[in-house]
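Down below is the structure, laid out as structure tokens.
The values are calculated or read from the model by the stated rules, or taken from the named source; none is laboratory data. Computed from a predicted structure; not experimentally measured. With ideal geometry, Cβ positions are generated from the backbone for all residues, glycine too; neighbour counts draw on all protein chains shown. Ligands, DNA and RNA are excluded from the accessible area calculation, which covers all protein heavy atoms including side chains. Shrake-Rupley method; radii C 1.70, N 1.55, O 1.52, S 1.80 Å.
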Amino acid sequence: MALQKIQSLEDLNQIKEKTLPFLSLRLQNHSTVPAPYSHSIMVCAGTGCLSSNSQKVKDRLVEEIKNRKLQDKVEIVKTGCFGFCELGPVVVVHPQGYFYCRVQPEDVTELFDNHIAQGKPVQRLLYKNPSTGEVTEKMDDNKFFQPQTRVSLRNCGVINPEELKEYIARDGYYALAKALMEMTPEEVVQAITASELRGRGGAGFPSGKKWAFTASVQQEMKYVVCNADEGDPGAFMDRSILEGDPHSILEAMAIAAYAVGAKEGYIYVRAEYPVAVERLERAIEDALQTGLLGENILGTGFSFTVEIRLGAGAFVCGEETALLRSVTGQRGEPRSRPPYPAVSGLWEKPTLLNNVETYANIPQIILQGPAWFASMGTEGSKGTKIFSLAGKINNTGLIEVPMGTTLRTIVYDIGGGIPQGKSFKAIQTGGPSGGCLPTEHLDKPIDYDSLTEIGSMMGSGGLIVMDESDCMVDIARFYLEFTQDESCGKCTPCRIGTKRLLEIVTGITEGRGSLSDLDMLVELGHDIQEASLCGLGQTAPNPVLSTLEYFRDEYEAHIKEKRCPAGVCKALARHEIDLEKCISCSICTKHCPVQAISGERKIKPFTINPDICTNCGICVEKCPPKAILRR
Ligand SMILES: Cc1cc2nc3c(=O)[nH]c(=O)nc-3n(C[C@H](O)[C@H](O)[C@H](O)COP(=O)(O)O)c2cc1C
Ligand code: FES
């Protein structure tokens, strides 16, 4: 059905007024408008939940509503990501936001019989704390959500991302209207500068400065680009915003285009994000149909269009100069700067390039004012930041917290601590080119500068927790392997330097290291940082340098004692049987592929001959009383 044209503020107001009641149950205490339904059932349709079959759950919910003739009483809403993807499919039932996890199609009847019909939440599907087993019924009471402040993710899990009117009901496109109708382009740039927003794509460059720089270049043709390449393994903050709130990015890009004097925009998004691409396409189509993109937006004379370009999944294509080349169909290789994209970007024209999360903040800054934004965060890093929390942690997921939140709050309060009672060893911040920080930094309020000071970086916001069973040398090897693989090869320090770093670290994990290797790693690492052409090479040595700084003893144990303290490095691992625990069952001998284990069944404890053992570890897995240790 064709959407009606939106040509004025009045049109926006009318849509908002008509739609708000439908959102009032979901907004919990924030809305006074009466709802037309008794319940809103929110079903997550983010990539995480879709891959755990949330579409089937949604289909069953729709069917059940029909069967029970509840169409006028209960609504089913498809939403973006709630952040707790590991527990998907996630279903939230309003009023009051009961948080259900791992809901299966078979659970739907019970959900209706108990929760909808009798107001009795289904206990077995509610969130259960993995450490204590304690059940938390509502989202608001859940410690994963409680310390969060959602600005960039404000609409994810609240609106249907495919319904433009729901975005408008949440003040969507009001910031664009305000910018176009009440502000000059200079005033918009000033507002972004005053908010002190820094780019969320990794480098943390002040956004206002970038906007002012692009605006000041005198050229007829300029472009606005959104970097949605998101190459960091495990990071999915940008994808979640695009999937859960695509219009916020279009609105922000239109505001940016007005501010810098551009008429065309491109979103560079990786092809592995089909749900994000589909929702973006739909949002662009709806915005064009209603006149929120295209010619003469809101009757102000301002025109702006957006196109999508798909990336093929190369990490280096997230680097801005490589990305801009890739948008124009050339090979995605970086070039040296200056000239910066603000002067010479797409087709050598002035180009403003920002990250998805950076853009997601823009409409709120315009609407609520720069002072509101700058009131959150730290001295040098304002606002909030989305982090993807992964690794050895109870609550993995996507979180948004004010800048300056400590790692301890993130790991222990929001993340729920380390599973199986193990102890925290390190946290890797900043993705593959970040650093690993030890326990002593857990109380550090984190922002761009504090992380750089301690040898790591913010990057796009990846946080990976490691526990006592992780080997820090092996971790450094793992990240070097990634950056070495992803190096485009254009500059020698990165192409050859990361290869040499990897060879040395691999040698150490295989027992072929010497102490002089450690000095070489530091020297070579600093050389690569200084001499590389782009950020990939400039940051690639971070994992090895930071683990050397904080976990040097582990490197030394590998070299001097030919021992991997965490028992991870296969070539150095030793397997031993705890004679007191051994029950002489002989199961280990049956599984050992090289007959390295001997003993007498039910008579004498078993032992491993280290000269024969290949450290395959099968015996550890199979031993019933867990008497075999890997050291
Ligand atoms: C190797 C490499 C990969 C990068 N990948 C991304 C990415 O996936 N997404 C992103 O927004 N920025 C990425 N960046 C940073 C961009 O080059 C650029 O700084 C950023 O998109 C600018 O937007 P911002 O100022 O809003 O952060 C990458 C940089 C490097 C060096
Ligand atoms: S995708 Fe459903 S909670 Fe993240």
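Data for the structure
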{"read-out": "Nearest-20 debye value, the chain charge dipole, Cβ charges on Lys, Arg, Asp, Glu", "value": "1340"}
{"read-out": "Net charge over other residues, Cβ less than 14 angstrom from the Cβ of Glu196 (K, R count +1; D, E count -1)", "value": "+3"}
{"read-out": "Cubic angstrom per residue, convex hull over Cα atoms of the stretch 72-184", "value": "138"}
{"read-out": "Diffusion coefficient, µm² s⁻¹, Stokes-Einstein with Kirkwood Rh over alpha-carbon pairs of the stretch 164-375 at 20 °C and 1.002 mPa s", "value": "127"}
{"read-out": "Rounded to the nearest 10 Å², the accessible area of Arg325 at probe 1.4 Å", "value": "70"}
{"read-out": "Calculated FRET efficiency for the pair Ile496/Lys560, C-beta based, R₀ 35 Å, to 0.05", "value": "0.75"}
{"read-out": "Virtual spin-label span in nm between Ala531 and Leu367, 7 Å along Cα→Cβ", "value": "5.1"}
{"read-out": "Under the Debye formula (equal points on every Cα, no solvent term), log10 I(q)/I(0) of the chain at q = 0.06, 0.08 Å⁻¹", "value": "-0.37, -0.65"}
{"read-out": "Computed P(r) (all Cα pairs; the stretch 264-310; 5 Å bins; percent)", "value": "5, 23, 27, 20, 14, 7, 3, 0"}
{"read-out": "Rounded D (µm²/s) - the stretch 385-432, Kirkwood Rh over Cα pairs, Stokes-Einstein at 4 °C, 1.567 mPa s", "value": "117"}
{"read-out": "Within the chain, helix-based [θ] at 222 nm, where runs of 4 or more DSSP H residues each add -39,500 (n - 2.57), nearest 500", "value": "-10500 deg cm²/dmol"}
{"read-out": "Peptide ranges 339-351, 443-455, 595-607 listed from the most packed, as the mean C-beta count within 10 angstrom indicates", "value": "339-351, 443-455, 595-607"}
{"read-out": "Loop-located GluC sites (Glu not before Pro) in the stretch 34-142 whose Cβ has at most 13 other Cβ within 10 Å (DSSP)", "value": "Glu134"}
{"read-out": "Nearest-20 debye value, the stretch 164-375 charge dipole, Cβ charges on Lys, Arg, Asp, Glu", "value": "460"}
{"read-out": "For the stretch 4-121, accessible area per residue (1.4 Å probe, heavy atoms of protein chains only), Å²", "value": "47"}
{"read-out": "Range of Cα positions in the stretch 235-291 per principal axis (Å), largest first", "value": "31, 25, 17"}
{"read-out": "By average C-beta atoms within 10 angstrom, highest first, the peptides 493-500, 331-338", "value": "493-500, 331-338"}
{"read-out": "Beta bridges by DSSP in the stretch 15-122, antiparallel share as percent, to the nearest 5", "value": "55"}
{"read-out": "Among Gly507, Tyr448, Gly462 the positive-end extreme of the charge dipole of the stretch 384-561 (Cβ point charges)", "value": "Gly462"}
{"read-out": "Pairwise FRET efficiency - Ser598 versus Lys5, Cβ, R0 = 56 Å, nearest 0.05", "value": "0.10"}
{"read-out": "Within the chain, percent of DSSP bridges classed antiparallel, to nearest 5", "value": "55"}
{"read-out": "More than 13 angstrom apart: percent of Cα pairs within the stretch 466-531", "value": "64"}
{"read-out": "Selection from Thr439, Phe99, Thr406, by position along the positive dipole direction of the chain (Cβ)", "value": "Phe99"}
{"read-out": "Dipole axis of the chain (+1 Lys, Arg; -1 Asp, Glu on Cβ), positive-most option in Ile386, Gln218, Ala179", "value": "Ile386"}
{"read-out": "Solvent-accessible area per residue, Å², over the stretch 548-587 with all protein chains present [probe radius 1.4 Å]", "value": "53"}
{"read-out": "The stretch 427-581: translational diffusion in µm²/s, Stokes-Einstein, Kirkwood Rh over Cα pairs, 37 °C, 0.692 mPa s", "value": "207"}
{"read-out": "Computed magnitude of the charge dipole of the stretch 384-561 (debye, nearest 20; Cβ of K, R +1, Cβ of D, E -1)", "value": "380"}
{"read-out": "Against the rule of thumb 2.2 N^0.38 Å, how large the Cα Rg of the stretch 308-454 comes out", "value": "1.26"}
{"read-out": "Of all DSSP beta bridges in the stretch 164-375, antiparallel share, percent nearest 5", "value": "10"}
{"read-out": "Value in Å of the Kirkwood radius, where the stretch 575-630 supplies the Cα pairs that are averaged", "value": "10.8"}
{"read-out": "Separation in nanometres of the label points that stand 7 Å from Cα toward Cβ, at Arg408 and Asp611", "value": "5.3"}
{"read-out": "Proximal charge balance of Val151 [Cβ under 12 Å; K/R count +1, D/E count -1]", "value": "+2"}
{"read-out": "Kirkwood-based Rg to Rh ratio, the stretch 19-106, C-alpha trace", "value": "0.97"}
{"read-out": "Kirkwood Rh (inverse of mean 1/r, distinct Cα pairs), the stretch 536-617, angstrom", "value": "15.3"}
{"read-out": "Average projected area [Cα convex hull, the stretch 299-374], square nanometres", "value": "7.2"}
{"read-out": "Cα Rg, Dmax, the stretch 130-193, angstrom units", "value": "18.0, 55"}
